[in-house]
Amino acid sequence: MKPSLNEIKKRAVTIVCIVALLLVALIARVAYWQVIRGKELTQKAKSQQQSGNIITAARGKIYDRNGKVLAESASVNTLICNPEDIKADGDSETIATVLAPVIDMDRDKILNLITRNTRYQVIKKRLTTEESEAVKNLLDSKADSKTAKAFTGVYFEDDSKRYYPFNIAPHILGFTGYDNNGIQGIELKFDDALMGRNGSIERNQNANGTTLKEQQEEYLNGAVSGDDVVLTIDETIQHFLEKHLEEAVAENKLKEGAAGIVMNPKTGEILAMATKPDFNLNNPYDVEQFQKYAIDFKYEEENKEESDEEEDSATPKPTTDPNNLSDEAIGAMRNKMWRNKAISDTYEPGSTFKIITAAAALEENVVNANSQFYCPGFKVVADRKIGCANKSGHGAQTFVEGVRNSCNPVFMELGARLGYEKFMEYFTSFGLTEKTNVELVGEASSIYYHNKMSEVDIATSSFGQGFQITPIQLITAVSAVINGGERMKPQIVKEIRNSGGVQKSYQPEVINRVISEETSKQMREILESVVALPTATGKNAYVKGCRIGGKTGTSEKGNRDEGKRIASFIGFAPANDPEIVCLIMLDEPQVDNKYGGTIAAPLAGEILEDVLNYLGIEKQYTEDEIPDVRAEVPDVRELEIEAARNAVSDKNFYVKVVGSGDSVVSQLPKPGVMLGEKSTVILYTEAQDKTNTVTVPDLSGMSVSDARYTLELRGLNFEIVGAGHGEVSGAYAVRQSVDAGESVMPATVIGVEFRQVTSD
């Protein structure tokens, strides 16, 4: 029986629907493979059909302000392999066995890497030169064809390693990680700009993963080098700062190290910044350098569960062996040595902050240069008796004398006259309530009174205690006091550039005006007298002709009863037109005299002198200053005695003749040496006895006249070196250029550094 027309139609509709459904399903499936998993499948197909190597982009360089390269990337080799190639044509067992001692890796670890189910595997990154040469020899079929055949599938890949030519400013530059990414400092802050973009080389390959010999076409995606970063720091000035701080750490036994900043107060450009002790930039994870100079680092204690008998014993608890530190101890030490104290540590600035209080008081006309004060050695504020550093008091004095004497009662009175609102207005205006936003990572926030201050709070804050700020905040604020009254944003980056030119330029930025130019000029004059007068607290920073101004500071730290101190000094030069401002912070000195005026001021004075000489800024001598006269020792060898004597005397040197000959055969000091006038030159008319040496005496504690006389008795020349009013009454020798007990040739110049006692 034939189906009816309706049945035929129904069957047709059913078939069409089924076909339609199948078509929809097919389209959906195709869409799934093409759209949903298309990218994934494309990558899989590409990975099967092509192999490739990464071309590491050259990381940008870091320069100092004068174009010296401080950080650059050096080309190195990374050892890679294609496990599929090794499986097909090489010998994994031989590779692992032979390679292990060559690249200093565990054999089993190498075997695991080269037998993985992949076509690209890194064996070891950044081989040393010696390792690279040894591996190249293994791959050389001319050297050993059997070994070279076993190493089929092992290749080199170009890589780069960060290198720091001068190995300075570690806390500024920072360093990079295993993958060339920035970890600390500028390397981290400007990582995106420095990193660049990696490229690649891709090659066709067959289904087994081996390279197609008949299709060697390569596809190149070029790497884009990173941008270069130019800093404001000067490598030479950075060297000066680091050298002096390193000496200070050892000389003053600084338990918590030292920090220093050198800045241009007119522009806010940081010329140098350092924390000591520090670390080796080319080996930043090695704690050896830090450990060598760190004082009394608290190592992790062992055997904490001790018996009662041990606890009662006077024997110190055992600590971890410094030569075999635990991972935890090494981690703690790294965190400490990587910390940039100049921006990350807050501290009570002590009397250096009096610069800010004095400037605010002058600007508000609550005091003038001749305002009268009286200091009995203390001041009663509310229910407190707050002392002065001079316990017996300064007596009657003017405002300017109060600044020179760093008299606490004078500044407590200034704080009271300003009052809470005005004090906080200037505290804020000088930028001490906010970060400076210098282009570095890890800047700390200040700690200060957020609520209304009591009378006692204002009194202690007026001389720099009761709140905490960072060194970078303080030097920025003081720069505003001395540069004409404008607060500048501190700047450590000048520009970012590449082959296309300057991509971004950082210009000096004025944040706000804090005080008037008139007040700024007056403060410069007052602060210069703090250093220039041999009776003022900053006298040990004095350098003849440098016109240094500044302020000392000695602040308490932690529990007031523990005796912990921070000695500091902030100075600038030339005082009439400052080009340089320098802050020095010495944290927890373990010496008898912990005052900033004694140990930090001379350090700053020497740094300022070094920098001024380097920058070619001529010295400006006052009417009372007699410039040091130095002359070059003439060459009088082979001259007749009388002619030689006259030539030396004409240079204003004393002459001593040794021997009975008619002419000079040798002389001391040698020709070309620079000597101060009235120094002695020895002329030998007979062969000189090389064993005739002089033992250098110990000059510690001697006055200038005593030190000079003692050296002259030994036939040695004397010279005053370093900062400080060495020639005034009360100065005593603290350091000599040649250690006592050393044997030297006659007429050797012995440089002697002097200090004066100070209480701030």
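The values are calculated or read from the model by the stated rules, or taken from the named source; none is laboratory data. What you are looking at is a predicted structure, and each value in this text was computed from that prediction instead of being measured. Here the Cβ positions follow ideal geometry from the backbone for every residue, glycine too, while neighbour counts run over all protein chains shown. These area figures cover heavy atoms from the full protein model, side chains too; ligands, DNA and RNA do not enter into them. Shrake-Rupley method; radii C 1.70, N 1.55, O 1.52, S 1.80 Å.
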To the nearest 10 square angstrom, how much accessible area does K68 have with a 1.4 angstrom probe?
70
Which lysines have a Cα less than 16 Å from the Cα of K149, not counting those fewer than 8 places away in the same chain?
K87, K136
Between K142 and E288, Cβ-based FRET efficiency (R0 35 Å, step 0.05) works out to 0.25
For a quick size check, give me the Cα extents of segment 394-509 along its three principal axes, largest first, whole Å.
66, 31, 20
For segment 736-753, in residue order, the Karplus 3J(HN,Hα) values (coefficients 6.51, -1.76, 1.60; θ = phi - 60°; whole Hz; Gly and Pro = x) are 9, 5, 10, 4, 4, x, 6, 9, 9, 6, x, 6, 4, 7, 10, x, 10, 9
11 Å beta-carbon shell around G596, net charge (K/R +1, D/E -1):
+2
Segment 360-399: radius of gyration and largest Cα-Cα distance (Dmax), Å:
11.9, 31
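For a Förster distance of 60 Å, can you work out the FRET efficiency between the beta-carbons of T42 and L713, rounded to the nearest 0.05?
On the way: r = 92 Å, r/R0 = 1.53.
It comes to 0.05.
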Mind listing which GluC sites (Glu not before Pro) in segment 625-666 are in a DSSP loop and have 11 or fewer other Cβ atoms within 10 Å?
E638
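Please work out how much length the chain gains when fully extended from D628 to K678, using 0.36 nm per residue of separation minus the C-alpha to C-alpha distance, in nm with one decimal.
16.8 nm
Got the relative contact order for the chain handy, in percent, Cα pairs under 8 Å and 6 or more residues apart?
Values: 1638 pairs, mean separation 74.8, N = 760.
Dividing the mean separation by the residue count of the chain yields 10 percent.
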Helix 92-103 versus the longest principal axis of the chain: what is the Cα-based angle in degrees, 0 to 90, to the nearest 10?
10
Pop a pseudo-label 7 angstrom from the Cα along the beta-carbon direction at both D158 and L23 and give the gap in nm to one decimal.
5.6
For L41, L716, give the ranking by accessible area with the largest first, probe 1.4 Å.
L41, L716
Computed from the beta carbon distance with a Förster radius of 25 Å, FRET efficiency for D327 and K255 to the nearest 0.05 stands at 0.55
In 5 Å bins starting at zero, report the fraction of Cα pairs in segment 442-565 per bin as a rounded %.
2, 8, 12, 14, 18, 17, 12, 8, 4, 3, 1, 0, 0
Which entry in (1) 44, 27, 23; (2) 65, 40, 26; (3) 47, 33, 27 matches semi-axes √(5λ) of the Cα gyration tensor in Å derived from the coordinates of this structure?
(2)
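Using only Cα atoms, figure out Rg for segment 379-420 and give it as a multiple of 2.2 N^0.38 Å.
Numbers: Rg = 10.4 Å, N = 42, 2.2 N^0.38 = 9.1 Å.
Normalised by 2.2 N^0.38 Å, the Cα Rg of segment 379-420 equals 1.14.
Using the heavy atoms of the protein chains and a 1.4 angstrom probe, tell me the accessible area per residue for the chain in square angstrom. Kindly include the intermediate steps, with their values, before the conclusion.
Working: 36900 Å² over 760 residues.
In whole numbers, the chain has 49 Å² accessible per residue.
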With a 1.4 Å probe and all protein chains kept in place, how much accessible area does D662 have, in Å² rounded to the nearest 10?
120
Coordinate range along principal axes, alpha carbons of segment 631-736, Å, largest first:
46, 29, 18
Here are some pairs, K253/K551; K253/K292; K189/K494; K189/K504; K489/K521; K61/K125; which of them have Cα atoms lying more than 19 Å apart in this structure?
K253/K551; K489/K521; K61/K125
Tally of Lys pairs whose C-alpha atoms are under 24 Å apart, taken over segment 588-717, 8 or more apart or cross-chain
9
How many angstrom separate the Cα center of segment 471-492 from the Cα center of segment 624-649?
47
Given 356-365, 736-745, 114-123, the highest-first ranking by average Cβ count within 10 Å works out to 356-365, 114-123, 736-745
Angle in degrees between helix 129-139 and the longest Cα principal axis of the chain, rounded to the nearest 10
20
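Percent of accessible area on the chain owned by carbon and sulfur, 1.4 Å probe? Write out the running numbers ahead of the final one.
On the way: 17660 of 36900 Å².
Result for the chain: 48 percent of the exposed heavy-atom area is carbon or sulfur.
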Segment S75-N370, extension gain: residue separation times 0.36 nm, minus the distance between their alpha carbons:
99.5 nm
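For Q503, what charge total do you get from the other residues with a beta carbon under 13 Å from its beta carbon, if Lys and Arg give +1 and Asp and Glu give -1?
On the way: positive: K494, R497, K504; negative: D192, D227, D228, E495.
Surrounding charge for Q503 is -1.
Pull out the extension gain between R513 and V728, defined as 0.36 nm times the separation in residues minus the alpha carbon to alpha carbon distance; nm, one decimal.
Details: separation 215, 0.36 × 215 = 77.40 nm, distance 4.01 nm.
My answer for the length gained is 73.4 nm.
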Between Q590 and Y621, what is the label-to-label distance in nm when each label sits 7 Å out along the Cα-to-Cβ direction?
4.4
Heads up, I need the accessible area for E40: 1.4 angstrom probe, whole protein in place, Å², nearest 10.
80
